[in-house]
1. Once phi is turned into ³J(HN,Hα) by the Karplus curve 6.51 cos²θ - 1.76 cosθ + 1.60 with θ = phi - 60°, what whole-Hz value does each residue of the range 54-60 show in order, with x for glycine and proline?
2. Scattering from the C-alpha atoms of the range 14-110 alone, worked out with Debye: what is log10 I(q)/I(0) at q = 0.24 1/Å?
3. For residue 84, tell me the accessible area in Å² from a 1.4 Å probe, rounded to the nearest 10.
4. Within the range 35-92, which GluC sites (Glu not before Pro) sit in a loop by DSSP and count at most 16 neighbouring Cβ atoms inside 10 Å?
Amino acid sequence: MTTATKTIASGVDEHSGSHGYISNKEDYQRRLRRIEGQARGLQGMVQEEKYCIDILTQVAAMTSALESVALGLLNEHISHCVVDAAATGGDEAKAKLQEASDAIARLVRS
């Protein structure tokens with residue numbers, strides 16, 4: 001079970017405290033609601049049997065929007081959580097750097 005899965009299953013966030021994105025929380029929520037609307041729009045396009053290329057164009061737009069959110073969150077994580085941990089040093093700094101590196105690898109693979 002991954003850390004994220006454990007967090008979801010237990011309902012407890014092991015990374016408690018203030019997160020770097022919190023100052024932009026409303027912006028992220030607004031962008032994610034827009035992406036949610038795009039997903040519903042895609043469902044409607046398939047239901048209505050729209051032209052394949054039109055659907056693929058919308059999938060690309062939605063993918064780009066998700067990538068933008070992910071990169072913003074990653075940047076905020078590095079500039080807040082990783083920088084704070086690096087200033088403290090020790091095992092937490094190593095763990096935060098590894099966590100960021102793993103997140104970058106997941107984004108690159110997707």
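1. 3J(HN,Hα) across the range 54-60, in whole Hz: 5, 5, 4, 4, 5, 4, 4.
2. Evaluating at q = 0.24 Å⁻¹ gives log10 I(q)/I(0) of -1.21.
3. 80
4. On the way: sites: 36, 48, 49, 67, 76, 92; in loops: 48, 49.
Passing both the DSSP loop test and the Cβ count: 48, 49.
The values are calculated or read from the model by the stated rules, or taken from the named source; none is laboratory data. Small disclaimer: the values here were computed from a predicted structure and weren't measured. Positions of Cβ are generated from backbone atoms using ideal geometry, with glycine treated the same way; all protein chains shown enter the neighbour counts. Accessible surface areas use protein heavy atoms only, side chains included; no ligands, DNA or RNA. Shrake-Rupley method; radii C 1.70, N 1.55, O 1.52, S 1.80 Å.
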